Amino acid sequence: GRTEKLFTKKYEEETNLRCQIVIDCSSSMLFPMNEEQTKLSFSIYAAASIIELLKRQRDAVGLSLFTDKLDLHTEAKSSQRHHLYLYSEMERHLKQYSASSINTTSTTQVLHDIAELSKRRSLIIIFSDLLDDPSKQDEFFQALQHLKHNKHEVIVFHTIDKKNEVDFELENRPYNLVDMETGESIKLQPNQFKEEYQKSVKAYFKSIELRCTDYKIDFMPADIRSGYDDVLLNFLLKRQKMR
């Protein structure tokens, strides 16, 4: 107005993504024991890969680690120092948990806590084997709905050892199977229960997948024996939709 000249004001809209990575660190995630890759190590390495992609795009990322409680929760930031802190915490937790320790799962309460702590709209990425009490499935989806109600987008990566936990491909010999979260054990011959077990476990996880679809939550099976390609691809597709 003072110069009597016309000016065009340009600005860049802030479109950076905010992402909160949530990892289940309960004892069941330490399966399979005595192997190089466990469900927990798979989840942590997949999360580290996603953090690297976010860093290159200058997106903000936070980290939540939980067992029966929220053990770690950080705000989403994009600084190099913050990324290094996340890597160090994931490495520390990977070494901290061992098969000798018993850490149960309380996914429902943890998700409610994260919904309250994450004030700004974010992409919430959950890595979990979903081996929680089946009778509490309604409460679990109420927690997921809490995240959706707070305007968050949600991806659930169902981290599983498909060969052993779904297909039940065990040798035909007696086993003493131990619940890694309760310590309870049962002796059985796999072939006697294989068909019934496969039917039950597939139906359980299918019901979770269908309910995720109803709640507009992306449900992605993540077999630890299949590599990280599917995890990273689905993350990138989801990120593209949110831009």
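Before moving on, here are some points about what is shown:
- Nearest-10 value in Å² for the accessible area of Leu210, using the 1.4 Å probe: 90 Å²
- For segment 182-243, a crude dipole built from +1 on the beta carbon of Lys and Arg and -1 on the beta carbon of Asp and Glu, taken about the Cα centre, is about 260 debye to the nearest 20.
- Zero-based 10 Å bins, Cα pair distances in the chain, whole percents: 7, 30, 35, 16, 7, 3, 2, 1, 0, 0
- For the set Phe127, Phe7, solvent exposure ranked by accessible area (probe 1.4 Å, protein chains only) runs largest to smallest as Phe7, Phe127.
- Normalised contact order of segment 67-152, rounded percent, pairs of Cα under 8 Å and 6 or more residues apart: 40 percent
- Since only Ala48, Gly227, Asn34 are under comparison, the one whose Cα sits farthest along the positive direction of the charge dipole of the chain, derived from C-beta charges on Lys, Arg, Asp and Glu, is Ala48.
- For the chain, size of Cβ-based charge dipole, Lys and Arg +1, Asp and Glu -1, in debye: 1480 debye
- Shown are Leu147, Leu233, whose ranking by accessible area with a 1.4 Å probe and every protein chain present, most to least, is Leu233, Leu147.
- List Asp214, Asp179, Asp24, ordered by accessible area with a 1.4 Å probe, largest first: Asp214, Asp179, Asp24
- Placing unit charges on each Cβ (+1 for Lys and Arg, -1 for Asp and Glu) gives the chain a dipole about its Cα centre, and among Thr108, Val201, Tyr85 the Cα reaching farthest toward its positive end belongs to Tyr85.
- GluC sites (Glu not before Pro) within segment 75-157: DSSP coil, no more than 16 neighbouring Cβ in 10 Å: Glu75
- Taking the helices alone, the chain has a mean residue ellipticity at 222 nm of -13500 deg cm²/dmol, built from -39,500 (n - 2.57) per DSSP H run of at least 4 residues and averaged over all its residues.
- Taking every protein chain into account, the 1.4 Å probe leaves Leu117 with about 90 Å² of accessible area, to the nearest ten.
- Nearest-10 value in Å² for the accessible area of Thr213, using the 1.4 Å probe: 90 Å²
- Sparsely packed trypsin sites (Lys or Arg not before Pro) within segment 21-102, loop by DSSP, other Cβ within 10 Å at most 11: Arg58, Lys69
- Pairwise centroid distance, computed over Cα atoms, of segment 43-62 with segment 203-243, Å: 17 Å
The values are calculated or read from the model by the stated rules, or taken from the named source; none is laboratory data. The model shown is predicted, which means the values in this text are computed figures rather than measured ones. Note: ideal-geometry Cβ built from the backbone for every residue, glycine included; neighbour counts use all protein chains shown. When the accessible area is computed, the model is the full protein with side chains, heavy atoms only, and any ligands, DNA or RNA have been set aside. Shrake-Rupley method; radii C 1.70, N 1.55, O 1.52, S 1.80 Å.
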